[in-house]
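Report on the following structure.
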Amino acid sequence: RRPLAVSIERFTVLPTAQPTAPQIRDDILANPGFGRYFTDHMAHVRWTLDAGWHAHEVRPYGPLTLDPAAAVLHYGQEIFEGVKAYRHADGSVWTFRPEKNAERFRRSARRLALPELSDEDFVDSLKALLAQDQGWVPTPASEADESSLYLRPFMIASETFLGVRPSHEVDYYVIASPAAAYFQGGVKPVSIWLSSHYKRAAAGGTGFAKCGGNYAASLAAQKEAAAHDCSQVAFLDAAENKWIEELGGMNLFFVFKDGRIVTPRLTDTILEGVTRDSVLTLAGDEGLTPEERPISIDEWREGAASGEITEVFACGTAAVITPVGELVTEEGSIRLAAEGDNEVAKRLRTRLLDLQYGRSEDTRGWLT
Ligand code: PMP
């Protein structure tokens, strides 16, 4: 691994004059939900065509002032990331593989014709904000308490101009939100809706980038899912309507009876999850055989019916690893013939959480 610069001093700190009262903060941390409450500060770096990246700062959290003609409000030139900070038993605070998010943020920026932020600026912006707002990182009450501080870096086209061209002014921010477990009720299997009409991404499009537009385009399908009592949407490929891609906000894995663990191979229509990559690595440690290859909806249906597929699970930073209990489609529901206890998903989940919360040794240098 390339060592990362640790000079967060280039972020000028402008502390808030009105920090949240400790009592109020503790009440929020005791029951944070997800994405509702935000810490006292945010990180910010400005970019202009002339000056490049400059004015690194940590400043009070608060509304942005944007001209109504700001490009992002019209053409959606925007990208974002999601990273969690975990508090270990000794009180120290750690992020998990943030350099992978930094790399993905640069890939997203290239696709959206936004300026690339260096990996050092990305990781240091997280460190600078965490240094200021570390009191907002929840202290887990037990091993079952999966609370963390969710960090949301994002970049917007802020130039006041209605022409359709890459913005000459861009702002990068990091905000932070204390988070409880994403799905309440632990590792209870979730129901997923198969979108047969809407597509998430097409070849040559933006599927591999983490841009707001991808999520805006997924919401109509998400509404269908909710109407069918499903919490997430599974998308098929746009060309053949046959190959499994991923969920609206998570990657998918299939566990086979013979110990193979399969996830769709990466194309430009799939978001490369940091959790996905970590699961592929940890699966080897568990004696499983990871495979990245195309997997069709027919293989899911037939494998589930025959018992060849023993588990299906989704993974991502927010929800870690979540077993998929059933796939609801317009033609009926796909359930696993051998509905087991999702033992592989649970094992991988525990491995991942033990690493993130510092309960096992970080032999790969995944913690920063
Ligand atoms: N796919 C999509 C579409 C996502 O939004 C996410 C969440 N970032 C993921 C997969 C999982 O990625 P990660 O493991 O990096 O959170």
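The values are calculated or read from the model by the stated rules, or taken from the named source; none is laboratory data. Quick caveat, the model's predicted, so the values are computed rather than measured. Virtual Cβ from ideal backbone geometry, glycine too; neighbours counted across all protein chains shown. With ligands, DNA and RNA removed, areas are computed over all heavy atoms of the protein, side chains included. Shrake-Rupley method; radii C 1.70, N 1.55, O 1.52, S 1.80 Å.
When SER278 is tested against the conditions (1) more than 15 Å from the ligand (Cβ to nearest atom); (2) under 24 Å from ALA144 (Cα atoms); (3) not in a strand (DSSP E or B), the lone failure is (1). Selection of region 95-137 for residues being in a loop (DSSP other than H, G, I, E, B), out of contact with any Cys (no Cβ under 8 Å at 6 or more places or on another chain) and of a type outside the set (Val, Ile, Thr) yields ARG97, ALA113, LEU114, PRO115, GLU116, LEU117, SER118. Across region 310-321, the qualifying residues are those that are farther than 12 Å from ILE261 by Cα and either free of Cβ contacts under 8 Å to residues at least 12 places away in the same chain or of a type in the set (A, V, I, L, M) (or both), and the one among them that is most open to solvent (accessible area, probe 1.4 Å) is ALA318.
Scanning region 132-160 for residues that are closer than 28 Å to LEU114 by Cα and surrounded by fewer than 16 Cβ atoms within 10 Å (Cβ to Cβ) returns a single hit, THR160. With respect to the conditions (1) within 16 Å of the ligand (Cβ to nearest atom); (2) of a type outside the set (Ser, Thr, Tyr); (3) at pLDDT 95 or above, GLU291 lacks only one, and its number is (1). For region 104-120, how many residues meet the condition of being open to solvent by less than 20 Å² (accessible area, probe 1.4 Å) and under 19 Å from the mean Cα position of the chain (by Cα)? Counting residues in region 104-120 that are open to solvent by less than 20 Å² (accessible area, probe 1.4 Å) and under 19 Å from the mean Cα position of the chain (by Cα) gives 6.
Taking the criterion of being small (Gly, Ala, Ser) and under 21 Å from the mean Cα position of the chain (by Cα), would at least one residue in region 59-81 satisfy it? Scanning region 59-81, I find at least one residue that is small (Gly, Ala, Ser) and under 21 Å from the mean Cα position of the chain (by Cα), so the answer is yes. Among the residues that make up region 306-316, is at least one of them over 20 Å from ASN251 (Cβ atoms) and not polar (S, T, N, Q)? Checked against the condition, which is being over 20 Å from ASN251 (Cβ atoms) and not polar (S, T, N, Q), region 306-316 yields at least one hit. Do we have any residue at all in region 81-103 that's polar (S, T, N, Q), open to solvent by less than 50 Å² (accessible area, probe 1.4 Å) and more than 25 Å from GLU9 (Cβ to Cβ)? No: zero hits.
For the residues ARG335, ARG351, ARG359, the requirement of being closer than 15 Å to THR275 by Cβ and open to solvent by 40 Å² or more (accessible area, probe 1.4 Å) singles out ARG351.
Taking region 29-51 as the search range and keeping residues that are aliphatic (A, V, I, L, M) and out of contact with any strand residue (DSSP E or B) (no Cβ under 8 Å at 6 or more places or on another chain), which one is modelled with the highest pLDDT? Per the stated criteria, the residue is ALA51.
Of all residues in region 242-257, those that are outside any loop (DSSP other than H, G, I, E, B) have Cβ atoms under 8 Å from Cβ atoms of residues that are among the polar types (S, T, N, Q) and more than 16 Å from the ligand (Cβ to nearest atom), 6 or more apart or on another chain, in TRP243/SER296; ILE244/SER296; VAL255/THR310; PHE256/THR310. Residues that are away from the ligand (no atom under 13 Å from the Cβ) and surrounded by 15 or more Cβ atoms within 10 Å (Cβ to Cβ) were ranked within region 207-227; the one that is farthest from ILE334 (Cα to Cα) is GLU224. Taking the options GLY307, GLY365, GLY325, name whichever one is closer than 30 Å to GLY91 by Cα, away from the ligand (no atom under 16 Å from the Cβ) and open to solvent by less than 40 Å² (accessible area, probe 1.4 Å). Step by step, each of GLY307, GLY365, GLY325 is checked, and only GLY365 is closer than 30 Å to GLY91 by Cα, away from the ligand (no atom under 16 Å from the Cβ) and open to solvent by less than 40 Å² (accessible area, probe 1.4 Å). Candidates THR267, THR281, THR275: the one that is open to solvent by 40 Å² or more (accessible area, probe 1.4 Å) and under 12 Å from LEU348 (Cα atoms) is THR281. Within region 231-245, identify whether any single residue is within 13 Å of the ligand (Cβ to nearest atom), closer than 25 Å to ALA113 by Cβ and crowded, with 17+ Cβ neighbours inside 10 Å, and answer yes or no. Yes, region 231-245 contains a residue that is within 13 Å of the ligand (Cβ to nearest atom), closer than 25 Å to ALA113 by Cβ and crowded, with 17+ Cβ neighbours inside 10 Å.
Are any of the residues in region 170-177 more than 19 Å from ALA43 (Cα to Cα) and surrounded by fewer than 22 Cβ atoms within 10 Å (Cβ to Cβ)? Checked against the condition, which is being more than 19 Å from ALA43 (Cα to Cα) and surrounded by fewer than 22 Cβ atoms within 10 Å (Cβ to Cβ), region 170-177 yields no hits at all. Selection over region 20-72 of residues that are surrounded by 16 or more Cβ atoms within 10 Å (Cβ to Cβ) and not polar (S, T, N, Q) gives a count of 24.
For region 284-304, taking the residues that are within 26 Å of GLU331 (Cβ to Cβ) and of a type in the set (Asp, Glu), the one that is surrounded by the most Cβ atoms within 10 Å (Cβ to Cβ) is identified as GLU299.
Can you tell me which residue in region 121-131 is farthest from the chain's Cα centre (by Cα), limited to those that are farther than 30 Å from ARG165 by Cα and crowded, with 19+ Cβ neighbours inside 10 Å? Of everything passing the filter in region 121-131, ALA128 is farthest from the chain's Cα centre (by Cα).
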